[in-house]
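Read through the structure below, which is laid out as structure tokens, and then see the notes.
The values are calculated or read from the model by the stated rules, or taken from the named source; none is laboratory data. No experiment lies behind these values; they were computed from the predicted model shown. Please note: Cβ atoms are built from the backbone with ideal geometry, for glycine as well, and neighbour counts cover all protein chains shown.
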Amino acid sequence: MKFFLDTANLDEIREVASWGVLGGVTTNPSLYCRIGGKLEDFEAHIGRICEICDYELPVSAESVSMTRDEIVADGIRLAAIAPNVVVKIPTMIEGLAATRELAKRGIKVNMTLCFTVPQAIMAARAGAAYISPFVGRFDDISEDGLSQLAQVVEAVNNYDYGHPVEIIAASVRSANHVAQAALMGADIATVPYGVLKKCVEHPLTDRGLASFLADWEKVKANA
Ligand code: G3P
């Protein structure tokens, strides 16, 4: 499973890139709003993320339009920012139609706000390269987001769509979400910075490190 960072924060992206685990970045309008993003700077900001990603790792930039023609126009404009831009489009009829058009032009689409098996399969059929089933937002309404994700992974992987399709576990809120996504075979987990940091940590790692360092002090004292 690859790790994508779910953020628009450049410092977080640079930091995780330095860890050697960054597989890509996903943004959305809320994440851009959270960093105080300005409307007129949006495309330049996506360009800066693409640069940090060496113009190679996929960077999802979301369309906020509601009709197929407008979404296609957004997609063409966003894809022109850099070769590693992936156009993020909500799962809805207009979004499917726009995905079909963009896929025909060789532009990669990440279908977002996906919650069900039929939505995911339709996204794949329309030509989406990535599908983002949301986990945490199911938990928010007292449903089991992980079992919903498991169903999407199993169902999508039952079929061949004539093009590569990768499932991005999204709306990830905990290290357990990350672990379970990997166990069920999600291709990617897009993870907020704070959660990704927690994924590196374990109390037994801390305890083991403390005892190794303490013993090394004894070795030095005996020198
Ligand atoms: O990228 C979309 C998704 O990851 C949003 O997560 O926490 O706002 O449900 P969240």
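Values computed for the structure shown
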{"read-out": "Some residue of the range 9-22 being within 11 Å of the ligand (Cβ to nearest atom), among the polar types (S, T, N, Q) and more than 21 Å from D187 (Cα to Cα)", "value": "no"}
{"read-out": "Residue among A189, A182 that alone is under 23 Å from P58 (Cα atoms), within 10 Å of the ligand (Cβ to nearest atom) and at pLDDT 95 or above", "value": "A189"}
{"read-out": "Every residue from the range 176-192 that is part of a helix (DSSP H, G or I) and either closer than 9 Å to A150 by Cα or polar (S, T, N, Q) (or both)", "value": "N176, Q180, A181"}
{"read-out": "Failed condition for T116, given (1) under 22 Å from P58 (Cβ atoms); (2) surrounded by fewer than 19 Cβ atoms within 10 Å (Cβ to Cβ); (3) touching a helix residue (DSSP H, G or I) at 6+ places or on another chain (Cβ under 9 Å)", "value": "(1)"}
{"read-out": "Residue list for the range 1-56, filter: of a type in the set (K, R), in a helix (DSSP H, G or I) and closer than 22 Å to A79 by Cβ", "value": "R48"}
{"read-out": "Some residue of the range 94-107 being under 17 Å from S132 (Cα atoms), out of contact with any Pro (no Cβ under 6 Å at 6 or more places or on another chain) and within 16 Å of the ligand (Cβ to nearest atom)", "value": "yes"}
{"read-out": "Among residues of the range 117-161, those that are within 16 Å of the ligand (Cβ to nearest atom) and not in a helix (DSSP H, G or I), counted", "value": "12"}
{"read-out": "Qualifying residue in the range 155-177 (condition: loosely packed, with under 15 Cβ neighbours inside 10 Å, of a type in the set (G, A, S), at negative phi and at pLDDT 95 or above)", "value": "no"}
{"read-out": "Which listed residue is at pLDDT 95 or above, over 25 Å from A181 (Cβ atoms) and of a type outside the set (D, E, K, R), from L78, L57, L96, L113", "value": "L78"}
{"read-out": "Tally, over the range 55-69, of residues that are in contact with a Pro (Cβ under 9 Å, 6 or more places away or on another chain) and within 16 Å of the ligand (Cβ to nearest atom)", "value": "3"}
{"read-out": "Residue in the range 70-116 that is farthest from E154 (Cα to Cα), counting only those that are out of contact with any Leu (no Cβ under 7 Å at 6 or more places or on another chain), in a helix (DSSP H, G or I) and of a type in the set (G, A, S)", "value": "A73"}
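A quick yes/no check of all residues on (1) touching a residue at least 60 places away in the same chain (Cβ under 8 Å); (2) closer than 14 Å to F134 by Cβ; (3) under 21 Å from the mean Cα position of the chain (by Cα):
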residue	(1), (2), (3)
L146	no, yes, yes
V165	no, no, yes
A170	yes, yes, yes
A175	no, no, yes
V195	no, no, yes
P203	no, no, no
S211	no, no, no
K218	no, no, no
